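Asks: Just passing along the structure, written as structure tokens.
The values are calculated or read from the model by the stated rules, or taken from the named source; none is laboratory data. Small disclaimer: the values here were computed from a predicted structure and weren't measured. Glycine gets a Cβ as well: all are built from the backbone with ideal geometry, and neighbour counts include every protein chain shown. Quick note on the areas: whole protein, heavy atoms, side chains included, nothing else; ligands and nucleic acids left out. Shrake-Rupley method; radii C 1.70, N 1.55, O 1.52, S 1.80 Å.
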Amino acid sequence: MNDFITYLKNTYNYSNYDIQLLKYYFKSLLYDLSKLIPLGIFFFVLGYTSEYLMATVILFLVRTSTGGLHFKRYISCLTFTAGFFIMSIIMLPKLYPDNSLMLILLLICMIITNYIGPIVSCYRESPSSLLIRKSKRNTVIIIFIYCILIFIIPNNHYLSIGFWVIILQTLQLLFAYINTKRRCNI
């Protein structure tokens with residue numbers, strides 16, 4: 001590992017800060033994969049593979065722009081993530097709201113996430129105002145495109161799953177916002 005770090009420093013002039021960022025990104029990637037792969041196997045066994053992939057893609061698109069809850073313990077994060085996917089893939093899609101209600105709720109989600117997002121861990125450095133604006137813009141674009149898809153392709157099971165992912169992500173974002181304000185206020 002030290003040889004690789006030396007290589008990056010010598011070849012690409014990476015600073016110690018750059019190396020720490022790379023370590024953080026790789027650790028985060030492995031951490032997320034260690035949750036997503038077992039969950040993928042779980043949903044594959046249950047016969048929900050395509051639904052799981054749909055939920056994962058939508059969650060990835062929205063969560064990377066909005067942030068949200070961050071847990072201190074791996075098991076807490078895994079449990080919450082599993083519950084999130086079970087709710088959005090198996091339970092909530094049975095409640096299929098009217099398309100006009102879906103559009104209204106997605107617009108409310110767009111407003112909420114634009115107003116309070118992104119939420120990063122209070123133990124992490126706050127993002128720059130440029131990054132915050134970019135994240136807000138990305139979230140609005142993603143949800144707006146989703147609204148268009150619901151309008152174009154009504155009564156689609158997969159779009160219903162994505163709808164619930166966005167709703168649940170917005171709810172947990174609200175909770176993270178309240179929790180972060182309460183815990184991180186100095």
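Asks: Return the distance in nm (one decimal) between the two label points of a simple spin-label model at Lys94 and Asn16, each offset 7 Å from Cα along Cα→Cβ.
Replies: If labels sit at Lys94 and Asn16, their model points lie 5.6 nm apart.
Asks: Using only Cα atoms, find the angle between the long axis of helix 49-66 and the longest principal axis of the chain, and express it within 0 to 90 degrees, rounded to the nearest 10.
Replies: 60 degrees
Asks: Scan segment 1-90 for trypsin sites (Lys or Arg not before Pro) in coil per DSSP, keeping those whose Cβ has at most 10 other Cβ atoms within 10 Å, and list them by number.
Replies: Here the trypsin sites (Lys or Arg not before Pro) that fit, given the DSSP loop and packing criteria, are Lys72, Arg73.
Asks: Dipole magnitude of segment 1-58 about its Cα centre, charges +1 at Lys/Arg Cβ and -1 at Asp/Glu Cβ only, in debye to the nearest 20?
Replies: 120 debye
Asks: At what distance in nm do the modelled label points of Leu53 and Ser76 sit from each other, each positioned 7 Å from its Cα along Cα→Cβ?
Replies: Result: 3.4 nm between the two label points.
Asks: Could you tell me the calculated FRET efficiency between Asn155 and Leu36, based on Cβ-Cβ distance and R0 = 25 angstrom, to the nearest 0.05?
Replies: Taking R0 as 25 Å, the efficiency between Asn155 and Leu36 is 0.30.
Asks: On to the next question. What translational D, rounded to a whole number of µm²/s, comes out for segment 74-186 from Stokes-Einstein when the hydrodynamic radius is the Kirkwood one over Cα pairs, at 37 °C and 0.692 mPa s?
Replies: So the translational diffusion coefficient is about 215 µm²/s.
Asks: Which is farthest toward the positive dipole end of the chain among Gly68, Thr49, Pro97, measuring Cα position about the Cα centre, with Cβ charges +1 (Lys, Arg) and -1 (Asp, Glu)?
Replies: About the Cα centre, the residue reaching furthest to the positive side is Gly68.
Asks: Going by Cα centres, segment 1-80 and segment 112-167 are how many Å apart?
Replies: Their Cα centres are 19 Å away from one another.
Asks: Moving on. Tell me the mean residue ellipticity at 222 nm calculated for the chain from its helices only (DSSP H runs of n ≥ 4, each -39500 (n - 2.57), averaged over every residue, nearest 500).
Replies: Result for the chain: -26500 deg cm²/dmol, rounded to the nearest 500.
Asks: Sticking with this one: Could you work out the percent of alpha carbon pairs in segment 1-141 separated by over 28 Å, rounded to a whole number?
Replies: So the pairs more than 28 Å apart make up 34 percent of the total in segment 1-141.
Asks: Still on this structure: List, largest first, the extents of the alpha carbons of segment 54-99 along their principal axes, each in whole Å.
Replies: Sorted largest first, the three principal extents are 38, 22, 15 Å.
Asks: Now for a separate question. Please compute the per residue accessible area over the chain with all protein chains in place, 1.4 Å probe, rounded to a whole number of Å².
Replies: That works out to 63 Å² per residue.
Asks: Then there's this: Once the dipole of the chain is set up with Lys and Arg at +1 and Asp and Glu at -1 on Cβ about the Cα centre, which of Leu149, Asn114, Thr180 lies farthest towards its positive end?
Replies: Farthest along the dipole direction, towards plus: Thr180.
Asks: Next up: For segment 3-50, what number results from the quotient of the Cα radius of gyration and 2.2 N^0.38 Å?
Replies: 1.77
Asks: Which of the lysines could a cross-linker bridge to Lys23, judged by Cα under 22 Å and excluding same-chain residues fewer than eight apart?
Replies: Of all the lysines, those that pass the test against Lys23 - Cα under 22 Å, at least 8 places apart if same chain - are Lys9, Lys35, Lys72.
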